[in-house]
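S.K.: Let me begin by handing over the structure; questions about it come next.
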Protein chains: 2
Amino acid sequence: MAKDHPTVLVVEDEPAQRDVLSYNLEAEGFEVVSTDDGEEALLLVAEIVPDIIVLDWMLPGISGIEICRRLKTRTETAGIPVLMLSARSEEVDRVRGLETGADDYVVKPYSVMELMARVRNQLRRVRPAATGQRLEYEGIILDAETHRVTRDEKPLKLGPTEFRLLSTFMEKPGRVWSREQLLDRVWGRDIYVDSRTVDVHIGRLRKALCAHGGDDPLRTVRGAGYALG
Amino acid sequence: MAKDHPTVLVVEDEPAQRDVLSYNLEAEGFEVVSTDDGEEALLLVAEIVPDIIVLDWMLPGISGIEICRRLKTRTETAGIPVLMLSARSEEVDRVRGLETGADDYVVKPYSVMELMARVRNQLRRVRPAATGQRLEYEGIILDAETHRVTRDEKPLKLGPTEFRLLSTFMEKPGRVWSREQLLDRVWGRDIYVDSRTVDVHIGRLRKALCAHGGDDPLRTVRGAGYALG
DNA sequence: TAAAAGCGTTACGAAACTGTCGCAAAAGGG
DNA sequence: CCCTTTTGCGACAGTTTCGTAACGCTTTTA
């Protein structure tokens, strides 16, 4: 029903490796999409907008390094963390890998635990709420671990949907989210609900946020969507 | 020279598998001893007295199942948790595995994270003090060593399941645990138990905690799970 | 070996939450 | 200033989630 699991895109040409990665990532509760093809990867990124990309260095066709470079030079995708995998261990490669903009670099053979830790580490930057962190904005504190929300020390009562909605806003204060983006993120990619439903929940969130007084921190951007602050 | 890291004995004949296991277990801070031979395993158990044994089902010479049987029928070794690994997935095997006294059973291919979690899970059973001897929260004191719980000096009567449930909560007061996470930690990953069963035990735990008066310290987080405080 | 305690499932009522609708209010555009 | 588009929001009915009592079964205890 609801989606709060981050999506990982795995780009790896060797099937066995790909399976191990998918299996373990899924077991950790991530939503995994994988491909063995560089071109397809670039298309998938635009389509599914993953929260993080795990990218093999060596690929048939476009190399991983090239994919990374392209992603990092496009503003829409530059923010997505890229974790490079490589069979080589030379220092040169590590440097080159990070030069192209990869956010982290893991040398094969790697410990699965280590890889998971690094994936989580990157996610912590992009999806703080999904990794159980504390978010704060203008006196509003959202603690993902305890599921508690307070405004100016006073506890707020939010339903599950309002909670996820607020988490999304607080991960990037100021960012404007369209109704469709919110439906994707808060409700789930494959669920159909009328986009006006978002309005209603925004309204409910507003009411909850202002329950003890204070300004409405949510901004309506006519024709575009909503934003926090 | 005190040994603060639990020792794991890995019995697995395929070198690649053995290496993966050792690597990941060591990365997790366990002390690992491994062998590919069943006879040697039996000798090693007597020698090093591991805290837990990870045992492959199929071995040249003595089978894993036979090793398990022998260990479980000797009183000195019966208490050591045995985690069975198997490439087969038939129900028959699962049943037979648990019949011989294995404490848990993992089917290949397994998630490394899952395996680690199960190892930790078994260890917790044997060394409840591993995380800390005495937990306290708001007048509730749980002594892992004596298996006793008091609230405001008054002793509480908890069943085994409620005890484990409470110790999970007290490990991280405030943290919200989903029903699935609780099933994992308190029950065990392999057995199918309806997730609603958690509710019932939460209810029982609540009743026990409030037996001598006082507020209900457990918080229900709709759509997410439960938390202490 | 009988009694007691503990366990997991089910059923059902209560409460909370959800999505949709309809209309009023607000915002833009010309 | 009026007309169109977009948004706010109360109301409502349907659905989901939760708490708990009851029950049969297994394990432990005396």
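S.K.: Compute the normalised compactness of the range A:159-200: alpha-carbon radius of gyration over 2.2 N^0.38 Å, N being the residue count.
M.R.: Working: Rg = 9.8 Å, N = 42, 2.2 N^0.38 = 9.1 Å.
Compactness ratio reported: 1.08.
S.K.: Could you put B:TYR192, B:TYR226 in order of accessible surface area, largest first, with the 1.4 Å probe and the full protein assembly present?
M.R.: Descending accessible area places them as B:TYR192, B:TYR226.
S.K.: With a/c under 1.5 counting as rounded, go ahead and sort the range B:13-63 into rounded, prolate or oblate using the C-alpha gyration tensor (a ≥ b ≥ c being the square roots of the eigenvalues; past the cut-off, prolate if a/b is larger than b/c, else oblate).
M.R.: Oblate.
S.K.: About its Cα centre, how strong a charge dipole does chain B have in debye, to the nearest 20, once Lys and Arg get +1 and Asp and Glu get -1 at the Cβ?
M.R.: Charge dipole of chain B: 1300 debye, to the nearest 20.
S.K.: Compute for chain B: radius of gyration divided by Kirkwood radius, i.e. Rg/Rh, restricted to C-alpha atoms, rounded to two decimals.
M.R.: Computed over Cα atoms, the ratio is 1.01.
S.K.: Hey, which lysines would be in cross-link range of B:LYS207, C-alpha to C-alpha under 17 Å, not counting anything within fewer than 8 residues on its own chain?
M.R.: Here the lysines satisfying the reach criterion relative to B:LYS207 are B:LYS154, B:LYS157.
S.K.: Using θ = phi - 60° and the Karplus form 6.51 cos²θ - 1.76 cosθ + 1.60, what ³J(HN,Hα) does each residue of the range A:219-229 get, whole Hz, x for Gly and Pro?
M.R.: Using θ = phi - 60°, the values come out as 10, 8, 10, 3, x, 10, x, 10, 8, 9, x Hz.
S.K.: Would you work out what percent of the accessible area of the range A:132-228, with all protein chains in place, is carbon or sulfur (probe 1.4 Å)?
M.R.: Accessible surface attributable to carbon and sulfur in the range A:132-228 totals 46 percent.
S.K.: Follow-up. Which distances, in nm and shortest first, link the B:GLY214 label point to the same label point in every other copy, taking 7 Å along Cα→Cβ?
M.R.: Once sorted, the set of distances for B:GLY214 reads 3.2 nm.
S.K.: At a probe radius of 1.4 Å, what is the per-residue accessible area of A:VAL49, in Å² to the nearest 10?
M.R.: Counting only protein heavy atoms, A:VAL49 exposes about 90 Å² to solvent.
S.K.: Turning to a different aspect of this structure: Students often check this: by mean Cβ neighbours within 10 Å, which of A:59-68, B:161-170 ranks highest, and how do the rest follow?
M.R.: Top to bottom by mean Cβ count within 10 Å: B:161-170, A:59-68.
S.K.: Also: Evaluate the charge dipole of the range B:131-228 about its Cα centre and quote only its size in Debye, nearest 20, assuming +1 on the Cβ of each Lys and Arg and -1 on the Cβ of each Asp and Glu.
M.R.: About 180 debye.
S.K.: With a/c under 1.5 counting as rounded, go ahead and sort the protein assembly as shown into rounded, prolate or oblate using the C-alpha gyration tensor (a ≥ b ≥ c being the square roots of the eigenvalues; past the cut-off, prolate if a/b is larger than b/c, else oblate).
M.R.: oblate
S.K.: Something else about it: Given 4 °C and 1.567 mPa s, how large is the Stokes-Einstein diffusion coefficient of the range B:131-228 in µm²/s, with Rh as the Kirkwood radius over Cα pairs?
M.R.: So the translational diffusion coefficient is about 95 µm²/s.
S.K.: Show log10 I(q)/I(0) for the range A:7-127 at q = 0.10, 0.19 Å⁻¹, two decimals, from a solvent-free Debye sum over equal Cα scatterers.
M.R.: Log10 I(q)/I(0), no solvent term: -0.25, -1.00.
S.K.: Taking amide hydrogens as modeled 1.01 Å from N in the peptide plane, which residues meet the under 5 Å criterion relative to B:SER34, leaving out close sequence neighbours?
M.R.: B:VAL10
S.K.: Total accessible area buried between chains A and B, 1.4 Å probe, in Å² to the nearest 100?
M.R.: Buried: approximately 1400 Å² between B and A.
S.K.: Further, regarding this structure: How much accessible area per residue does the protein assembly as shown have, in Å², with a 1.4 Å probe?
M.R.: For the protein assembly as shown, the per-residue accessible area is 49 Å².
S.K.: Taking 8 Å as the Cα distance limit and 6 or more residues as the minimum spacing, I'd like the relative contact order of chain A as a percentage.
M.R.: Result for chain A is 15 percent.
S.K.: Toward the positive end of the charge dipole of the protein assembly as shown, about the Cα centre and with charges on Cβ (Lys, Arg +1; Asp, Glu -1), which of B:PRO60, A:ILE65, A:GLN133 goes farthest?
M.R.: A:GLN133
S.K.: Please list A:215-223, A:199-207, B:208-216 highest first by mean number of surrounding beta-carbon atoms within 10 Å per residue.
M.R.: In decreasing order of mean packing, A:215-223, A:199-207, B:208-216 become A:199-207, B:208-216, A:215-223.
S.K.: Across peptide A:109-115, what mean number of C-beta atoms from other chains lies inside 10 Å of a residue's C-beta? Spell out each step's value before the answer.
M.R.: On the way: counts 3, 1, 8, 9, 8, 3, 1.
Taking the mean over all residues of the peptide, I get 5.
The values are calculated or read from the model by the stated rules, or taken from the named source; none is laboratory data. A quick note: this is a predicted structure, and the numbers were derived from the prediction, not measured. Quick reminder, even Gly has a Cβ in these numbers, built from the backbone with ideal geometry, and neighbours come from all protein chains shown. These area figures cover heavy atoms from the full protein model, side chains too; ligands, DNA and RNA do not enter into them. Shrake-Rupley method; radii C 1.70, N 1.55, O 1.52, S 1.80 Å.
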